[in-house]
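Quick notes on the structure that follows.
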């Protein structure tokens, strides 16, 4: 092989290597971070034609309405537990932190968290649905989605 | 009457823009100098009319003219006057009008400051800009006029500006961002004109470069202020959320950053020509795509307010014509462009090429993360969301090679280098960066994670290498004064990025927060400070009422400051807003947000201690400044001999 | 040769993207699978918004095909759809309003002021069009909850047997009407 060819071959190999590792890493990161959206009935009865149910430990988003009278607060901390419903079975959400401004019983909310039992979710983020779902797009654009009212928790401090 | 004049004025501006497209384009095609010469005056004329039109909207807003639908929807009589002005770009129609003002302004600026360009190129650049303006004006006039009236039934009071937009950050954020987006249309116009003319040489790169720099500077500033605003106003202490809207501004920025590095190579070495042109097309295309995404409600789908497919169709069609046309032209012409110039693997050319590759990969990742939920859904696979960790993870991977390269590249010369010449400097840089990082982090923080250490070391590596480079260049140029402004700009930009990396690393690792339930008199400790909750008082603003939680902050028993974290309820619309209280400082921010009222007189309170978060925005401002400094470099002002001497 | 294909790639990628964008533009982003569809409408017994002495129950609507529109004066999208709904009423569609009161919040020390709300509703309907046969007020949100409403506006199509045929989230406009409602009404 003449030096020029050799150089070209090396470049191509390097490119291919870079490309495949980039794609691999991206796919891996994607797989870890895709969150499916469920409603309470979908969570219990299964979603889609296959009636797929999420497995315990899976990260997911769930949207529904806060069942009036179901909100239980801990007297001494910010721990709160409530039930979500759409039209069928109910799901329990546990959350520790400050709820969004528009959180009310009977309101739609979206929670993001981990399924810890078949019908219990430990949320790390709770957002009031009104904020994002029914907002004029221009406002939504400007506020970049209130959904970002996102507490990122550190493990210290509690 | 005034709003109608505004509409009429915009119509006139559009007529001028149609001429601005046809005359110079035709003139350049046929070699008719008189037609080409008409372009600059047309460009200035349309700017004046667009400005008048914008003034009409501001007038309607200031005078509380609620017969104008836009004013009724986005303003109210109780709104302070400065927010009445900013409300003119708080909604869709007004924002597009502001976009037009920017577009017209850039076009006029190009017309006035391109006297040194040969006529065919100058005419075509203005013609392309005229074409773009026609598209946006048509859209405004036909689909989203801010001057529509609500007659005969109009409200006595407006619906008020969204409380989130009633913030100083919001006064400047959109105009800056739009300056950036629209400014990239100038780079685009230069690219298209060059493809049409067939003149893709280093002169072209040199002419296009200051415009790209200016647009990029505005974009940087806009993004920085947007991040600061989200931090201050959303009440959750976050500064970047990987939201589609933010991604829409980040993508053009990444490509524009690649573009200005690539332009440097094309200007200095006459290579990467077709790649540079492609980047110029891509940067503006992504600005348009971002607008489409945001405006059509296609991705921020949950935000779709009475989502109007006609509007979306128009923007998509415009996007297809502009981008599709640009890329077709590229496909036809760029194949014939040959780049000459030899360089070895170990050269500045290759370093800049790698920089471009990394930036483009970063753009693709953001694009993928933004569009995948939509594509997933269109393929019938259900709705998904892509979590922030995806972006964070990918950007962490990318920043490592990027920062290493950034530190190393400035020391490389064009064409060819001998490892021997630079190895010593690199070794020294690595050692100094590692030692400094270790000394600093281990002395200041109890726990240092590998990733924090690495990121800080990378940031210091950039700083150390920049310093070494400065010393070397000073020695070569014999005087620090003889280094060009471009060089200082580069240094500043790179150090700005180092600050951002450092700030992100430290604030992510060492921010602490507590969500607490407090009763008046109770004290909470966080990050070496004590926070005493003194209770809540009722507040009353011009257009809201609410509660303010009063918190006295102590450090080592001494009173540091008193903070008022507000929870407001705006009178119109009954919207709640958390107005966080921030005690700002370079080395740390104390950030307080008032939560809900609990039983027994208690309130929930969120307290953050965020070290070095402010350094991030400082870095952003330095980067933007770099873009503006270049504009004053002698090289770009040579046509004016007086200034060159000054 | 090689280079010619290379310079075509950006165009090809862009065109592919356009196809998805076009498709995305015409698919309803607010598609929501509702558990209510094809089930009986839950029972309700609610006061009329304007004359609270009058109460409405399922029996009042028996045998009719009608829309239930969940709305509120606080909701901008609701205002936006009033015009189209009014048009529907003029074409003979029966629309029942289910008023969703958001501003009322006892935790914040609010008192509910019916007279003020009635005035607000009257003003808004006078301005933007009144599509409603009548409005029901669901202050404690019991019926709203039973329906699985997650916000406003939402619209339900109920047939003569009291079965929910459609549950639509977001505004009703000509496009939505054609795609989701009209086929079921045999229009």
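The values are calculated or read from the model by the stated rules, or taken from the named source; none is laboratory data. Not measured: the values here are computed from a predicted model. Here the Cβ positions follow ideal geometry from the backbone for every residue, glycine too, while neighbour counts run over all protein chains shown.
Rundown of residues vs (1) over 24 Å from residue B:449 (Cα atoms); (2) touching a helix residue (DSSP H, G or I) at 6+ places or on another chain (Cβ under 8 Å); (3) assigned to a loop (DSSP other than H, G, I, E, B), yes/no style:
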residue: B:470; (1), (2), (3): yes, yes, no
residue: B:488; (1), (2), (3): yes, yes, no
residue: B:494; (1), (2), (3): yes, yes, no
residue: B:498; (1), (2), (3): no, yes, no
residue: B:505; (1), (2), (3): no, yes, no
residue: B:513; (1), (2), (3): no, no, no
residue: B:521; (1), (2), (3): yes, no, yes
residue: B:524; (1), (2), (3): yes, no, no
residue: B:532; (1), (2), (3): yes, no, no
Single residue of segment B:329-349 satisfying the filter (more than 28 Å from the chain's Cα centre (by Cα) and either within 8 Å of chain C (Cβ to nearest Cβ) or at positive phi (or both)) that is surrounded by the fewest Cβ atoms within 10 Å (Cβ to Cβ) | B:341
What number of residues in segment C:121-143 are part of a loop (DSSP other than H, G, I, E, B), within 14 Å of chain A (Cβ to nearest Cβ) and within 17 Å of the chain's Cα centre (by Cα)?
-> 2
Please find, among B:338, B:344, the residue that is part of a loop (DSSP other than H, G, I, E, B) and under 24 Å from residue B:417 (Cβ atoms).
-> B:344
Given the conditions (1) modelled with pLDDT of 75 or more; (2) buried (at least 20 other Cβ atoms within 10 Å of the Cβ), which single one is not true for residue A:133?
-> (1)
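One line per residue, one yes/no per condition, for (1) surrounded by fewer than 21 Cβ atoms within 10 Å (Cβ to Cβ); (2) at pLDDT 85 or above:
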position: C:132; (1), (2): no, yes
position: C:147; (1), (2): no, no
position: C:151; (1), (2): no, no
position: C:158; (1), (2): no, yes
position: C:162; (1), (2): yes, yes
position: C:165; (1), (2): yes, yes
position: C:170; (1), (2): no, no
Would you pick out the residues in segment B:365-379 that are facing chain C (nearest Cβ under 10 Å) and free of Cβ contacts under 8 Å to residues at least 60 places away in the same chain?
-> B:375, B:377, B:378, B:379
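A quick yes/no check of all residues on (1) buried (at least 19 other Cβ atoms within 10 Å of the Cβ); (2) more than 12 Å from chain A (Cβ to nearest Cβ); (3) in contact (Cβ under 8 Å) with a residue 24 or more places away in the chain; (4) under 30 Å from residue B:619 (Cα atoms):
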| residue | (1), (2), (3), (4) |
| --- | --- |
| B:559 | no, yes, no, no |
| B:565 | yes, no, yes, yes |
| B:572 | no, yes, yes, no |
| B:575 | yes, no, yes, no |
| B:579 | yes, no, yes, yes |
| B:587 | no, yes, yes, yes |
| B:590 | yes, yes, yes, yes |
| B:594 | yes, no, yes, yes |
| B:601 | no, yes, yes, no |
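Just to be sure, is residue B:430 over 31 Å from the mean Cα position of the chain (by Cα) and in contact (Cβ under 8 Å) with a residue 24 or more places away in the chain? Walk me through how you get there before you give the answer.
Details: over 31 Å from the mean Cα position of the chain (by Cα): yes; in contact (Cβ under 8 Å) with a residue 24 or more places away in the chain: yes.
In short, yes.
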Could you say whether any residue in segment B:413-424 is in a helix (DSSP H, G or I), buried (at least 16 other Cβ atoms within 10 Å of the Cβ) and either out of contact with any helix residue (DSSP H, G or I) (no Cβ under 7 Å at 6 or more places or on another chain) or in contact (Cβ under 8 Å) with a residue 40 or more places away in the chain (or both)?
-> no
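Check whether at least one residue in segment B:121-131 is surrounded by fewer than 24 Cβ atoms within 10 Å (Cβ to Cβ), at pLDDT below 95 and over 24 Å from the mean Cα position of the chain (by Cα), and report yes or no. Please lay out each step first, then the result.
Residues of segment B:121-131 that are surrounded by fewer than 24 Cβ atoms within 10 Å (Cβ to Cβ), as a first pass: B:121-122, B:131.
Okay, now just the ones that are also at pLDDT below 95, so B:121-122.
When the remaining residues are screened for being over 24 Å from the mean Cα position of the chain (by Cα), the result is B:121-122.
Yes: one or more hits.
For the condition in contact with a strand residue (DSSP E or B) (Cβ under 6 Å, 6 or more places away or on another chain) and within 12 Å of chain C (Cβ to nearest Cβ), what is the one hit in A:96, A:59, A:83, A:72?
Just one listed residue meets the conditions, A:83.
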